[in-house]
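What follows is a set of notes on a single structure, which appears directly below.
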């Protein structure tokens, strides 16, 4: 009697796992970038009152506040 060889996993299920895994990874990285931008802009807003530190960064107070006011997704 011939031996029947069955695939170990359904190919469609494996492809679906790869797609969802990739989408979740991409979204997670985007969220981490947005969080980092928000934290950096909060820190920049706190520095806006210190002219010496802004001079070290090469920014004016207006430039620092303009950057700090940007939404986190930009």
Taking the chain as a Gaussian network, where each spring joins two C-alpha atoms under 10 Å apart, which residue of 17, 34, 63 fluctuates the most? 17
I'd like the orientation of helix 11-47 relative to the chain: the angle between its Cα long axis and the longest Cα principal axis, in ° from 0 to 90, rounded to 10. 10
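For the chain, what relative contact order do you get, as a whole percent, if you take Cα pairs closer than 8 Å and at least 6 residues apart? Could the numbers behind the result be given before it?
Working: 27 pairs, mean separation 19.9, N = 74.
About 27 percent, as a whole number.
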Where labels lie 7 Å past Cα in the beta-carbon direction, separation of residue 17 and residue 56 in nm: 5.0
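If each DSSP helix of 4+ residues adds -39,500 (n - 2.57) and the sum is divided by the residues in the chain, what number results at 222 nm, nearest 500 deg cm²/dmol? All intermediate terms of the calculation are to be shown ahead of the outcome.
Working: 3 runs with 52 residues, N = 74.
Taking each H run of at least 4 residues, the total per residue is -23500 deg cm²/dmol.
Give me the orientation-averaged projected area of the Cα convex hull of the chain, in nm², one decimal. Mind showing how you got there, number by number?
Working: hull surface 29.1 nm².
Convex hull of Cα atoms, orientation-averaged projection: 7.3 nm².
Quick note: the coordinates plus some simple rules give every number you see, no bench work behind them. Since this is a predicted model, take the numbers as computed values, not measurements. No Cβ is skipped: glycine too gets one built from the backbone with ideal geometry, and neighbour counts run over all protein chains shown.
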